[in-house]
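For reference, the structure is listed below as structure tokens.
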Amino acid sequence: MVSTTYEARRGRIETYFDRTAVQAWARLTSAAPVGSIRATVRAGRDRMRSTLLDWLPADLHGMRLLDAGCGTGALAVEAARRGADVLAIDLSPTLVALARERLPADLGPGRVEFHSGDMLAAALGRFDYVVGMDSMIHYQREDVIRALGELAQRTEHAMFFTFAPGNPLLSAMLAVGRLFPRGERAPFVEPVAEATLRRLIGNSPALAGWTAARTQRIRSGFYQSQALELQRA
């Protein structure tokens, strides 16, 4: 069951990405020139996307994939080109509309279906794989575990998601970032230590039968994120 803290944070995230930062986000996820700080974020996101795609099977024919927090659709497109049937969902209708505009005509053997809404909606159905790139970093750790537990009930093979690694450097960077002009517009990030996250996953009844496997941390200037794989045992 979705918690009140999840719902409140979900509303703030939707407002941020759908209204406050949509132009900046559209530029960041394009090939347009950006400033030095945003360039490091773009490079970090590109590396993280490549990592998550590397973890997926090279051949996704016949597989259904959930891109949870799809943004402008870059990961969804690459998965479709491997043959996946991708359901790409994001809280921001504006970003989803942009993703549809950017969708290339040639996806090869796969397909992408875009939706705006909650990644946890049961009506989305079942999936072979779930990927959540930088979509859960804004939620409290308890809500992340609850979300993973709900997704696990509808996932056959593996879930790949990212979290903000809890460490003094990242905490300092987040604090400094909020001192800049318009710093209040930055989306709230909830750092968590990897050991804590693994312990919470191991103690969650909803994730019984799932194992934390590969992990990869990406550092690129103001971008710090860590990927974690959950495999069905």
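Read-outs throughout are calculated quantities, based only on the coordinates presented, and are distinct from any laboratory measurement. This structure is a prediction, so every number in the text was calculated from the model and none was measured. Quick reminder, even Gly has a Cβ in these numbers, built from the backbone with ideal geometry, and neighbours come from all protein chains shown.
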(request) Take the Cβ-Cβ distance between GLU194 and VAL22 as r, set R0 to 22 Å, and report the resulting FRET efficiency rounded to the nearest 0.05. (result) 0.10
(message) Can you compute the FRET efficiency between ALA122 and VAL34 using 1/(1 + (r/R0)^6), with r the Cβ-Cβ distance and R0 = 41 Å? Round to the nearest 0.05.
(response) 0.60
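Check every DSSP H run in the chain and write down those whose alpha carbon atoms cover 24 angstrom or more along the long axis and whose mean Kyte-Doolittle hydropathy is 1.6 or greater.
none
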(message) Suppose each label sits 7 Å from its Cα in the direction of the beta carbon; what would the THR5-GLU113 distance come out to in nanometres?
(response) 3.4
(request) Mind running the shape call on the stretch 1-139? Use the C-alpha gyration tensor, a ≥ b ≥ c as the square roots of the eigenvalues: rounded below 1.5 for a/c, prolate if a/b tops b/c, oblate otherwise. (result) oblate
(message) Which residue fluctuates most in the GNM of the chain (Cα springs below 10 Å): ASP18, ASP106, ASP46?
(response) ASP106
(request) Express in nm, to one decimal, how much length is gained between ASP106 and GLU229 on full extension, taking 0.36 nm for each residue of separation and deducting their alpha carbon distance. (result) 41.3 nm
(request) Taking only Cα atoms and a 10 Å spring cutoff, compute GNM fluctuations for the chain and point out the largest among ALA74, ALA123, ALA208. (result) ALA123
(request) Find the relative contact order for the chain and round it to a whole percent, using C-alpha pairs within less than 8 Å whose residues are 6+ positions apart. (result) 21
(message) Of the candidates HIS138, HIS61, HIS115, which one comes out as most mobile in a Gaussian network treatment of the chain with C-alpha springs shorter than 10 Å?
(response) HIS61
(message) Report for the chain the percent antiparallel among DSSP-assigned beta bridges with both residues inside it, nearest 5.
(response) 45
(message) Counting other C-beta atoms within 10 Å, and keeping those with at most 12, which DSSP coil trypsin sites (Lys or Arg not before Pro) do you find in the stretch 1-53?
(response) none
